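Visitor: Just passing along the structure, written as structure tokens.
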2 protein chains.
Amino acid sequence: MSQTDTVSRILDAAEVLFAERGFTETSLRTITSTAGVNLAAVNYHFGSKKELIQAVFERFLTPFTDALVRELDRRVAEGQTLTVEGLLESLYRVGMGSLAEQGRDPQRFMRLLGLAYTQYQGHLRRFIVSRYGDSYRRFAGLLAQALPGLDPVTFYWRLYFMLGATIFTLSSYDAIEAILREDFGAQSSLPETLERLVPAAAAMLKVNAE
Amino acid sequence: MSQTDTVSRILDAAEVLFAERGFTETSLRTITSTAGVNLAAVNYHFGSKKELIQAVFERFLTPFTDALVRELDRRVAEGQTLTVEGLLESLYRVGMGSLAEQGRDPQRFMRLLGLAYTQYQGHLRRFIVSRYGDSYRRFAGLLAQALPGLDPVTFYWRLYFMLGATIFTLSSYDAIEAILREDFGAQSSLPETLERLVPAAAAMLKVNAE
DNA sequence: CAACATTTAAAACAGTTGTTTAGTACCGAG
DNA sequence: CTCGGTACTAAACAACTGTTTTAAATGTTG
């Protein structure tokens, strides 16, 4: 079993288990046994549980943010006028795309993002902000440009409202979808939900703007 | 030290610590030592840690939902026409009020609600749904009435978008407020944030309605 | 092939977890 | 005063936590 094999087997197992139960609720023994590797392999390859958690996030935040920034750069270079809806669509489409490429589950990604925000793990938030803050500000800046006439403080609160709606909904996607299917018999896919989210979030951002 | 004293001291400490760090990250020893009571008192009075968690939620969800339902009943009985904005205002005002009455911190309440949704505690979600599902449906029903012409599935997704924006934002209120204060020097209070949230959430709910 | 560094393995480590047990202090009723 | 039950406490319990150590296996390079 080569190194990359063990490392990625650990990451795969950790990603799934963390998303399912959270960080503290997932022991290294659970991770290594479902990954089929030795317990000590985690500390050997990653150093500590903390660093394993960060590695899990890094593995799918990096391709995502890279793809997002590339997409934004492309659209700006082409001289496109970027609307609020267009930017949200880019965000969601790139998110789906960059994950689907790797055969990764987008909902798992969202559950992890939700955990990163709510859990008591100072190191994680610090890690994410320091590593991906630039991409975040790039997106936020373009979104602010598409919303002229909005004072900055209001804009940023709404940005958080939007993030909340997105992360919260998608991280509980399975549960919500199950409830709606039971009550209305109507099943909806993740892309459909994002199609509902774009105009709703855009409307929220645009109140009193322009 | 009377029973009620010990019980409520435990609940007070648990509420603060759970909101701060989460459930698994808070040990019974931390709770009992900050409460100034014996370790075994938790299991004696509550049975288990699980039941302590539920008791913490019960203690402030019950007055909140009771007050909300009373308020909704009152407004319906008076024959008021309930708008989306009016309903959201009721929700937020009652939330603030019923907590302020008891001298409880509303943000802590929100952090706990956020945890209930994101943490891996099946028993908690089940407990909350079975205990407070009726009040939830009462509010959702009135909100749906205020949004005629919206198909039920779209309505429910938007309801979750709204919940997400609310819970996510308010549960990270301190962190967000700190960032905005640093970047813009503008400090905002919780009521101000709710005043921003009402029109934004209402706009999101109302897209294409009526 | 030999020598080296990398990787895996089993076992032990020290610390923490929630829970239980056994016993003590208390307090009002008979 | 004594009894019966409630409230509390100290101590121990067994299980589990992340991490480290020691040794064996493996692969790579000269």
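Visitor: Normalized C-alpha radius of gyration of the protein assembly as shown, against 2.2 N^0.38 Å?
Guide: Numbers: Rg = 22.3 Å, N = 420, 2.2 N^0.38 = 21.8 Å.
Rg over 2.2 N^0.38 Å, computed on Cα atoms: 1.02.
Visitor: For the range B:1-121, with the dipole built from +1 on Lys and Arg beta-carbon atoms and -1 on Asp and Glu ones, taken about the Cα centre, which of B:106, B:39, B:96 lies farthest toward the positive end?
Guide: Of the candidates, B:39 comes out farthest on the positive side.
Visitor: So if I take the alpha carbon set of the range A:133-209, get Rg, then get Rh from the Kirkwood formula, what is the Rg over Rh ratio? Please list the in-between numbers first.
Guide: Working: Rg = 14.9 Å, Rh = 14.0 Å.
Rg/Rh for the range A:133-209 comes to 1.07.
Visitor: Could you size up the charge dipole of the range A:68-205 around its Cα centre, putting +1 on the beta carbon of Lys and Arg and -1 on that of Asp and Glu, and report it in debye to the nearest 20? Numbers along the way, then the final one.
Guide: Values: 15 positive and 15 negative charges, 124 e Å.
So the dipole magnitude of the range A:68-205 works out to roughly 600 debye.
Visitor: On a 0 to 90° scale, report how tilted helix A:49-77 is relative to the longest principal axis of chain A, with both axes built from alpha carbons and the result rounded to the nearest 10.
Guide: Long axis of A:49-77 versus the principal axis of chain A: about 30 degrees.
Visitor: Give the cross-link partners of residue B:206 among the lysines, using a straight C-alpha distance below 25 Å as the criterion and excluding same-chain residues fewer than 8 apart.
Guide: Of all the lysines, those that pass the test against residue B:206 - Cα under 25 Å, at least 8 places apart if same chain - are A:206.
Visitor: Using a 1.4 angstrom probe, figure out how much accessible area the protein assembly as shown has per residue, in square angstrom, rounded to the nearest whole. Write out the running numbers ahead of the final one.
Guide: Working: 18800 Å² over 420 residues.
Accessible area per residue, the protein assembly as shown: 45 Å².
Visitor: Follow-up. Kirkwood hydrodynamic radius, computed over distinct alpha-carbon pairs, for chain A: how many Å, to one decimal?
Guide: Numbers: mean 1/r = 0.0536 Å⁻¹.
For chain A, the Kirkwood estimate is 18.7 Å.
Visitor: If the chain between residue A:178 and residue A:89 were fully stretched, how many nm would it gain, using 0.36 nm times the residue separation less the Cα-Cα distance? Write out the running numbers ahead of the final one.
Guide: Numbers: separation 89, 0.36 × 89 = 32.04 nm, distance 2.48 nm.
Using 0.36 nm per residue and subtracting the Cα-Cα distance, I get 29.6 nm.
Visitor: Next question, about the same structure. Could you order peptides B:85-94, A:132-141 by the average number of other Cβ atoms within 10 Å of their residues, highest first?
Guide: Values: B:85-94: 18.9, A:132-141: 14.2.
Listed from highest to lowest mean packing, they are B:85-94, A:132-141.
Visitor: Assign unit charges at the C-beta atoms only (+1 for Lys and Arg, -1 for Asp and Glu), then state the dipole size of the range A:20-139 relative to its Cα centre in Debye, rounded to the nearest 20. Don't jump to the answer; show the numbers that get you there.
Guide: Working: 17 positive and 13 negative charges, 82 e Å.
For the range A:20-139, the charge dipole is close to 400 debye.
Visitor: Further, regarding this structure: Considering the range A:51-92, what Rg and Dmax in Å follow from its alpha-carbon atoms?
Guide: Expressed in Å, the Cα Rg and Dmax of the range A:51-92 come to 13.3, 41.
Visitor: So, one more: Per-residue counts of other Cβ atoms within 10 Å, averaged by peptide: what ranking do you get for B:192-205, B:5-18, A:173-186, highest first? Don't skip to the end; give the middle numbers.
Guide: Details: B:192-205: 20.6, B:5-18: 19.1, A:173-186: 13.8.
Answer by packing, highest mean first, reads B:192-205, B:5-18, A:173-186.
Visitor: What average count of beta carbons from other chains do you get within 10 Å of the Cβ of residues in B:168-181?
Guide: Numbers: counts 14, 9, 2, 4, 6, 1, 0, 3, 6, 1, 0, 3, 5, 1.
Counting other chains' Cβ atoms within 10 Å and averaging over B:168-181 gives 4.
Visitor: Let me ask another. How high is the relative contact order of chain A, in percent, with contacts defined as C-alpha pairs under 8 Å that are six or more residues apart?
Guide: On the way: 154 pairs, mean separation 44.2, N = 210.
About 21 percent, as a whole number.
Visitor: With N set to the residue count of the range A:26-95, report its C-alpha Rg divided by 2.2 N^0.38 Å to two decimal places. Could you put the intermediate results ahead of the total?
Guide: Numbers: Rg = 18.6 Å, N = 70, 2.2 N^0.38 = 11.1 Å.
Ratio of Rg to 2.2 N^0.38 Å for the range A:26-95: 1.68.
Visitor: Summarise the partner chain shielding of A:148-156 as one whole number: the mean count of Cβ atoms from other chains within 10 Å of each residue's Cβ.
Guide: On the way: counts 0, 0, 0, 2, 4, 10, 3, 0, 6.
Mean partner shielding for this stretch: 3.
The values are calculated or read from the model by the stated rules, or taken from the named source; none is laboratory data. Source: prediction; values computed, not measured. As a convention, Cβ positions derive from the backbone with ideal geometry for all residues, glycine included, and neighbour counts pool all protein chains shown. When the accessible area is computed, the model is the full protein with side chains, heavy atoms only, and any ligands, DNA or RNA have been set aside. Shrake-Rupley method; radii C 1.70, N 1.55, O 1.52, S 1.80 Å.
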